[in-house]
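See below for the structure under consideration.
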Amino acid sequence: MYEHGNEYVGSVFVLPETRCFELRTTVEGESSIITGTISQQLAARFAEGAADPIDPRQVALQPRRVEVVTREIHERHRAPRKVFCLSRLYDFETQGQGSPAPAMA
């Protein structure tokens, strides 16, 4: 099994109840649809009682920059397959990382 992460920009549709996602993006100049599951950490942020919740309805309103982990699974006597996992939504990360830049007058 091989695993690597890729960044994409596109329209993301999420179903938090089933932990599934669909990403409509462009890969090597061609439009593509990537489907898969949502990571456990990201799924926790879609819950209503989360400390820093994300509203799933707001995710699909505009194109987003996301990270998708791709696992290439090679099984004996079977064709290789790829499994995708949405691990990060960059637009919804907490802004508390680092200090703000001083304002120029």
task = Could you please find all residues in the stretch 33-69 being part of a loop (DSSP other than H, G, I, E, B) and within 17 Å of F84 (Cβ to Cβ)?
result = S39
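So which residues in the stretch 9-21 are in a strand (DSSP E or B) and farther than 13 Å from L89 by Cα?
L15, C20
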ask   = Just for the stretch 17-44: of the residues that are under 10 Å from the mean Cα position of the chain (by Cα) and of a type in the set (V, I, T), which one is surrounded by the fewest Cβ atoms within 10 Å (Cβ to Cβ)?
value = T37
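Residues are listed down the side, and each one gets a yes or a no for (1) touching a residue at least 60 places away in the same chain (Cβ under 8 Å); (2) not hydroxyl-bearing (S, T, Y):
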residue: Y8; (1), (2): yes, no
residue: S11; (1), (2): no, no
residue: V14; (1), (2): yes, yes
residue: C20; (1), (2): no, yes
residue: L23; (1), (2): yes, yes
residue: I33; (1), (2): no, yes
residue: G36; (1), (2): no, yes
residue: R45; (1), (2): no, yes
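Just so you know, all these numbers are worked out from the coordinates, no wet-lab data involved. Since the structure is predicted, the reported quantities are computational estimates derived from the model, not experimental observations. Note that each Cβ is placed from the backbone with ideal geometry, even for glycine, and that neighbours are counted across all protein chains shown.
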